[in-house]
Structure formats: structure tokens, C-alpha cells
1. Which residues, counting only those in region 5-26, are assigned to a loop (DSSP other than H, G, I, E, B), open to solvent by 100 Å² or more (accessible area, probe 1.4 Å) and at pLDDT 95 or above?
2. Taking the condition of being part of a loop (DSSP other than H, G, I, E, B) and open to solvent by less than 80 Å² (accessible area, probe 1.4 Å), how many residues in region 27-43 meet it?
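The values are calculated or read from the model by the stated rules, or taken from the named source; none is laboratory data. Remember, it's a predicted structure, so these values are computed and weren't measured experimentally. Surface accessibility is based on the protein's heavy atoms, side chains included, excluding ligands, DNA and RNA. Shrake-Rupley method; radii C 1.70, N 1.55, O 1.52, S 1.80 Å.
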Amino acid sequence: MSIKKIPFPFYQVKKGENLKIISQKFQIDSTKILLDNNLSPKQVKEGCFLILKK
């Protein structure tokens, strides 16, 4: 049995961050972040885990 590597990083939203800040930090379009995570902008809050794919 082998362990598969996860091909994308998870990111936990920190206090004071919002979608725009995260989008700029990782240079990923904010719409793509929302679509990849099946979220609305209001759901991106402190403590939320996001999948970030380039």
C-alpha cells in the first residue's frame, strides 16, 4: 500500500485575511479559488480551509 501525495496545497484563512488578500498572496484568481472550493465570497472566513490550485 502506498500513500499518494496531495497535488495541491490546503490553506487556512488567517485573522484579517479575505479573498482578495489570499488571491494576491498566491497569485490565483479569486473566482478560481471560489469555484475550486464551491464557496461564495462571504463563506471565506478566518479558520476556513481552502484548496489552492494554480
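1. Keep residues of region 5-26 that are assigned to a loop (DSSP other than H, G, I, E, B), which gives 5-9, 13-18.
Filter again for open to solvent by 100 Å² or more (accessible area, probe 1.4 Å), leaving 5-7, 14-15.
Answer for region 5-26, where residues must be assigned to a loop (DSSP other than H, G, I, E, B), open to solvent by 100 Å² or more (accessible area, probe 1.4 Å) and at pLDDT 95 or above: K14, K15.
2. The first filter runs over region 27-43 and keeps only residues part of a loop (DSSP other than H, G, I, E, B), leaving 27-29, 38-40.
Then drop every residue that is not open to solvent by less than 80 Å² (accessible area, probe 1.4 Å), which leaves 28, 39-40.
Residues meeting the conditions: 3.
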